Amino acid sequence: MNPNHDRNDADAAANRPMSVSEIKDSYAEYADRMRRFEWIDRIVVGRYRRDRFGDVEGRVLDVACGTGTNFRYLPDTVDLVGIDVSPEMLANAEDHLAELAIEGSLREMDAQELEFADDSFDAVISALSTCTFPDPVAALREMGRVCKPEGTIRLVEHGHSDVRPIARYQEWRADAHYAETGCRWTQEPRELVSEAGLEVRDTTTALFGTITTFELAPNRCERR
Ligand SMILES: C[S@@+](CC[C@H](N)C(=O)[O-])C[C@H]1O[C@@H](n2cnc3c(N)ncnc32)[C@H](O)[C@@H]1O
């Protein structure tokens, strides 16, 4: 976490989150563009996705899978389920599954209210997603709930830089960026994880503190 900032001061959007349906509308517009520019993601974020997701096993849930950017980094032995709130993003993810010849199923679903029983998955993964959830702590708790107690939760998140000039630019643009994209780019992923009660097994930061990755244990989550 950036020690100079209180989350709610720096994260201007935290006090007036968009609704799930507004986020859905916003990603309807972005879906094709995100798929077209995926090559940039592969260069910038690909290595962090590979490091965090490359060794998951068994039944795997990709929360807010978007266009399926994570899929290529998963072992081809996994039994994959992807969920996202946006049908347009999921249509692109479906193409991705076919191109990569991966067996998997995709469902339209709100990450904050996952329609799966407790302890359903060996691994729950999610990338660049908590920044868009109206209630990211609720979504993280849901990841903990549906993950088996001996399972693993893996995240690749982005947020507030720990390099002052970059952080200042993010703060200056935070409101406009949120209005354009529904993305809180000054969020503090470590605070969210801690608030959700998930135990950190391992974490790394990269790209001037803007990328934070996690391996989390689900066992400290509050169960309903
Ligand atoms: C920045 S994209 C990231 C997509 C993908 N995980 C990736 O790494 O490329 C954020 C995704 O979160 C999805 N999303 C936002 N709010 C959601 C919610 N409440 N439930 C499920 N998906 C949601 C959006 O539709 C979008 O696909």
Could you count how many residues in the stretch 72-91 are near the ligand (Cβ under 9 Å from one of its atoms), open to solvent by 10 Å² or more (accessible area, probe 1.4 Å) and not hydrophobic (A, V, I, L, M, F, W, C)? 2
From the residues in the stretch 28-45 that are within 10 Å of the ligand (Cβ to nearest atom) and part of a helix (DSSP H, G or I), which one is surrounded by the fewest Cβ atoms within 10 Å (Cβ to Cβ)? A28
Go over the candidates S120, S105 one by one and state the one that is open to solvent by 40 Å² or more (accessible area, probe 1.4 Å) and either within 16 Å of the ligand (Cβ to nearest atom) or touching a strand residue (DSSP E or B) at 6+ places or on another chain (Cβ under 8 Å) (or both). S105
Could you list, in sequence order, all residues of the stretch 181-200 that are open to solvent by 70 Å² or more (accessible area, probe 1.4 Å) and touching a residue at least 40 places away in the same chain (Cβ under 8 Å)? R190, E195
Give the number of residues within the stretch 17-61 that are acidic (D, E) and either modelled with pLDDT under 90 or in contact with a Cys (Cβ under 6 Å, 6 or more places away or on another chain) (or both). 4
Residue that is farthest from K148 (Cα to Cα) [pool: residues in the stretch 46-69 that are surrounded by fewer than 19 Cβ atoms within 10 Å (Cβ to Cβ) and among the acidic types (D, E)]: D51
Filter pass, T212 being of a type in the set (V, I, T), outside any helix (DSSP H, G or I) and over 17 Å from F53 (Cβ atoms): no
Just checking, how many residues over the stretch 12-27 are assigned to a helix (DSSP H, G or I) and free of Cβ contacts under 8 Å to residues at least 24 places away in the same chain? 3
Does the stretch 188-200 contain any residue that is assigned to a strand (DSSP E or B) and touching a Gly at 6+ places or on another chain (Cβ under 8 Å)? no
The residue that is farthest from the ligand (Cβ to nearest atom), considering only those in the stretch 140-160 that are basic (K, R) and more than 13 Å from D62 (Cα to Cα), is K148
Only one residue in D135, D175 is within 14 Å of the ligand (Cβ to nearest atom) and over 24 Å from R47 (Cβ atoms). Which one? D135
Conditions (1) farther than 20 Å from I125 by Cα; (2) open to solvent by 10 Å² or more (accessible area, probe 1.4 Å); (3) modelled with pLDDT under 95; (4) part of a helix (DSSP H, G or I) -> Y178 fails only (2)
Of E195, E199, which residue is of a type in the set (D, E, K, R), within 18 Å of the chain's Cα centre (by Cα) and over 17 Å from C131 (Cα atoms)? E199
Taking the stated definitions as given, is D51 over 20 Å from A111 (Cα atoms), out of contact with any Gly (no Cβ under 9 Å at 6 or more places or on another chain) and not in a helix (DSSP H, G or I)? no
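The values are calculated or read from the model by the stated rules, or taken from the named source; none is laboratory data. These numbers come from a predicted model, not from an experiment. When we count neighbours, we look across all protein chains shown, and the Cβ atoms used for this are built from the backbone with ideal geometry, even at glycine. Remember, those area values only see protein heavy atoms, side chains included, never the ligands or the DNA or RNA. Shrake-Rupley method; radii C 1.70, N 1.55, O 1.52, S 1.80 Å.
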